[in-house]
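The structure appears below as structure tokens.
The values are calculated or read from the model by the stated rules, or taken from the named source; none is laboratory data. On a predicted model such as this, the values are computed, not experimentally measured, just so you know. Neighbour counts run over all protein chains shown; Cβ positions are idealised from the backbone, glycine included.
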Amino acid sequence: MTEEAAPNTRDEEAPSGSQDQGQRPKGRTAAEWITLALGAAVLLALVGLIVYQFLSTGNAPASIEVTPLYGEMRTIEGAYYLPVEVHNAGDRAASDVRVEASLEDGERSPVTVPFLDGGETARATLVFSRSPSGGGLQLDVQSYLEP
């Protein structure tokens, strides 16, 4: 009795290192190429935005300007509320910006702006017991921190 070797069937394991032909096509599928292209495009866009931001922003230190808005001043129960705009004309940020307003008679009204980015403007309101629109209003930037 001679036994003949039976040919390999799908139920038997293929030798290691070889792939079954019905398992996986060679190369990448269209979905894989699309995913690769989209991932690469997002990565390139992010790198481009970072480079653009680095090259386009200046490095000038914070420069704080304070402007009174007399046209928006209001009076409530004998107190004068004067809105001001605090503007950072520089490129770098400033935090804890301390502004003090004083009148000729010595009355003072301090205000602190928590954070001003480069080019940003914030609004604050100063409160006085007499009208600051009569002249003699002095606005001073006392200090700020460089974050």
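Worth a mention:
- Looking only at residues of the stretch 22-42 that are surrounded by 10 or more Cβ atoms within 10 Å (Cβ to Cβ) and not in a helix (DSSP H, G or I), we find that the one that is modelled with the highest pLDDT is 29.
- The set of residues in the stretch 88-103 being closer than 9 Å to residue 62 by Cβ and in a strand (DSSP E or B) consists of 88, 94, 97.
- Of all residue pairs spaced 6 or more apart or on separate chains, those with beta-carbon atoms under 6 Å, a first member in the stretch 123-147 that is closer than 18 Å to residue 93 by Cα and a second member that is outside any strand (DSSP E or B) and not charged (D, E, K, R) are 147/93.
- Number of the exception - residue 108 against (1) charged (D, E, K, R); (2) farther than 17 Å from residue 143 by Cα; (3) free of Cβ contacts under 8 Å to residues at least 12 places away in the same chain: (2)
- In the stretch 43-64, of all residues being of a type outside the set (Gly, Ala, Ser) and in contact (Cβ under 8 Å) with a residue 60 or more places away in the chain, the one that is surrounded by the most Cβ atoms within 10 Å (Cβ to Cβ) corresponds to 64.
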